[in-house]
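A.B. asks: Quick one: this structure, given as structure tokens, is what I'll be asking you about.
The values are calculated or read from the model by the stated rules, or taken from the named source; none is laboratory data. Because the structure is a prediction, the values reported are computed rather than measured. For neighbour counting, all protein chains shown are included, and Cβ atoms are generated from backbone atoms with ideal geometry for every residue, glycine included.
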Amino acid sequence: MKSRYKYRIYPNHIQITKLNQLFGCCRYVWNQSLAYCNQLYVDGQKKPSYVDLTKEFITQAKKELVWLKEVASTPLQQSLKDLDQAYRNFFDSCTGKRKGIKVKPPKFKSRKTKQTARFVGANYKVCQDKIYLPKVGKIKIVWSRKLPAEPSSLTIIKDSANRYFASFVVEINPETLPKTDNSIGIDLGISTFATLSNADQINAPKPLKNNLKKLAKFQRKFPRTEPGSKPIRKT
């Protein structure tokens with residue numbers, strides 16, 4: 001079974017610039033390929049294969065766009081593989097091969113949303129307190145827990161709060177719990193968070209209600225702090 005392990009990373013200013021360039025290149029390859037596929041659909045033609053898209057928007061594009069050569073090629077290829085998989089899921093959902101909720105066609109990516117770039121194989125290295133990415137360098141990482149096995153892929157993530165994370169995919173053996181004859185039913189409610197079949201009740205934590213006084217205190221303090229200062233960011 002595959003599992004994902006996510007850790008916080010802290011790139012420096014130079015590495016942030018290189019990562020943003022990598023995200024932009026991955027986004028460019030995805031959007032250009034998607035626009036090309038949409039135009040072929042309008043013209044009544046079939047969607048090209050992953051190999052054809054790679055030749056058109058990576059191999060050929062690097063001859064005209066020099067900045068595509070400045071980033072690692074593996075994330076660009078993985079971006080097209082993700083697009084190909086998104087189309088496959090959409091087609092399988094339309095034909096009934098994929099069960100469950102209907103899958104929508106792939107959409108264009110925006111720089112304002114979460115940014116990702118995936119590395120696979122030997123295109124990255126895991127060190128003691130850093131990870132090495134080609135054409136980016138060694139980035140500081142905080143190991144909040146130990147990796148159970150050698151990862152098969154690494155995804156660099158930048159969220160909307162400009163935080164950076166490293167997400168590893170690892171093959172694990174799920175722990176099998178011993179069988180028991182005991183079972184219990186759970187009924188979720190509104191006034192009570194959950195009621196168990198043995199008549200036990202679990203109250204909702206209500207974090208907002210418990211912290212309304214603290215919230216009001218910070219709201220009164222916020223207008224009195226200097227704009228752009230460290231205290232206002234902390235508040």
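A.B. asks: For the list (1) assigned by TED's automatic domain parsing to the domain that holds P11; (2) more than 32 Å from the chain's Cα centre (by Cα), I need the number of the one condition that I156 fails.
C.D. replies: Evaluating I156 over (1) assigned by TED's automatic domain parsing to the domain that holds P11; (2) more than 32 Å from the chain's Cα centre (by Cα) leaves (2) as the failure.
A.B. asks: Just for helices (runs of 4 or more DSSP H) wholly inside segment 1-75: which have at least 3 residues that are surrounded by 19 or more Cβ atoms within 10 Å (Cβ to Cβ), on the phi < 0 side of the Ramachandran plot and not aromatic (F, W, Y)? Break it down stepwise before answering.
C.D. replies: Working: elements: 13-42, 50-54, 61-64.
Of the helices (runs of 4 or more DSSP H) lying wholly inside segment 1-75, those with at least 3 residues that are surrounded by 19 or more Cβ atoms within 10 Å (Cβ to Cβ), on the phi < 0 side of the Ramachandran plot and not aromatic (F, W, Y) span 13-42.
A.B. asks: So which residues in segment 119-133 are in contact (Cβ under 8 Å) with a residue 12 or more places away in the chain and under 16 Å from L19 (Cα atoms)?
C.D. replies: Initially, segment 119-133 is screened for residues in contact (Cβ under 8 Å) with a residue 12 or more places away in the chain, giving 119-121, 123-124, 126, 129, 131, 133.
Those that are in contact (Cβ under 8 Å) with a residue 12 or more places away in the chain and under 16 Å from L19 (Cα atoms): F119, N123, Y124, I131, L133.
A.B. asks: Shifting gears a bit: Would it be correct to say that K55 is without any contact (Cβ under 8 Å) to a residue 12 or more places away in the chain and farther than 30 Å from I139 by Cβ? It would help to see each step written out before you state the result.
C.D. replies: On the way: without any contact (Cβ under 8 Å) to a residue 12 or more places away in the chain: yes; farther than 30 Å from I139 by Cβ: yes.
Criteria met by K55.
A.B. asks: Could you please let me know if S93 is small (G, A, S) and part of a helix (DSSP H, G or I)?
C.D. replies: yes
A.B. asks: When residues of segment 66-99 are filtered for being among the small types (G, A, S) and over 22 Å from the mean Cα position of the chain (by Cα), how many remain? If you could, list the steps in order and put the result at the bottom.
C.D. replies: To start, the set of residues in segment 66-99 that are among the small types (G, A, S) comprises 72-73, 79, 86, 93, 96.
Adding the requirement that they be over 22 Å from the mean Cα position of the chain (by Cα) leaves 93, 96.
The total comes to 2.
A.B. asks: Taking N162 and the conditions (1) within 18 Å of the chain's Cα centre (by Cα); (2) at positive phi; (3) surrounded by 13 or more Cβ atoms within 10 Å (Cβ to Cβ), which numbered condition does it fall short on, given that it satisfies the others?
C.D. replies: All conditions are met except number (3).
A.B. asks: Let me ask something else about it. Quick check on segment 120-129. Is at least one of its residues at pLDDT below 90 and surrounded by 13 or more Cβ atoms within 10 Å (Cβ to Cβ)?
C.D. replies: Yes: segment 120-129 contains one or more residues that are at pLDDT below 90 and surrounded by 13 or more Cβ atoms within 10 Å (Cβ to Cβ).
A.B. asks: Shifting gears a bit: Cβ-Cβ below 6 Å, separation at least six or inter-chain, first residue in segment 65-76 and more than 10 Å from C26 (Cβ to Cβ), second surrounded by 17 or more Cβ atoms within 10 Å (Cβ to Cβ): which pairs?
C.D. replies: L68/C25; L68/A61; T74/F119; T74/N123
A.B. asks: When the residues of segment 145-154 are filtered to those that are farther than 22 Å from I16 by Cα and of a type in the set (G, A, S), which remaining residue is modelled with the lowest pLDDT?
C.D. replies: The extreme case among them is A149.
A.B. asks: Oh, and also: Evaluate segment 25-42: report whether one residue or more is among the β-branched types (V, I, T), assigned by TED's automatic domain parsing to the domain that holds C127 and either under 27 Å from K138 (Cα atoms) or in contact with a Pro (Cβ under 9 Å, 6 or more places away or on another chain) (or both).
C.D. replies: Narrowing segment 25-42 to residues among the β-branched types (V, I, T): 29, 42.
Add one more test, that the residue is assigned by TED's automatic domain parsing to the domain that holds C127, and what stays is 29, 42.
This time we only want the ones that are either under 27 Å from K138 (Cα atoms) or in contact with a Pro (Cβ under 9 Å, 6 or more places away or on another chain) (or both), so: 29.
So far as segment 25-42 goes, yes, one or more of its residues are among the β-branched types (V, I, T), assigned by TED's automatic domain parsing to the domain that holds C127 and either under 27 Å from K138 (Cα atoms) or in contact with a Pro (Cβ under 9 Å, 6 or more places away or on another chain) (or both).
A.B. asks: If you don't mind, there's one more thing I want to ask. For segment 155-166, state whether one or more residues are touching a strand residue (DSSP E or B) at 6+ places or on another chain (Cβ under 7 Å), more than 22 Å from S73 (Cβ to Cβ), of a type in the set (A, V, I, L, M, F, W, C) and modelled with pLDDT of 90 or more.
C.D. replies: Within segment 155-166, one or more residues are touching a strand residue (DSSP E or B) at 6+ places or on another chain (Cβ under 7 Å), more than 22 Å from S73 (Cβ to Cβ), of a type in the set (A, V, I, L, M, F, W, C) and modelled with pLDDT of 90 or more.
A.B. asks: Which of the numbered conditions does T195 fail, given that it passes all the others? Conditions: (1) assigned by TED's automatic domain parsing to the domain that holds G24; (2) surrounded by 13 or more Cβ atoms within 10 Å (Cβ to Cβ).
C.D. replies: Every listed condition holds for T195 apart from (1).
A.B. asks: May I pose another question? Going residue by residue through segment 98-117, is there one that turns out to be surrounded by fewer than 15 Cβ atoms within 10 Å (Cβ to Cβ), at pLDDT below 95, assigned by TED's automatic domain parsing to the domain that holds E150 and in a helix (DSSP H, G or I)?
C.D. replies: Among the residues of segment 98-117, not one is surrounded by fewer than 15 Cβ atoms within 10 Å (Cβ to Cβ), at pLDDT below 95, assigned by TED's automatic domain parsing to the domain that holds E150 and in a helix (DSSP H, G or I), which makes the answer no.
A.B. asks: Can you name every residue in segment 126-147 that is under 15 Å from Y10 (Cβ atoms) and of a type in the set (K, R)?
C.D. replies: The answer is K130, K138, K140.
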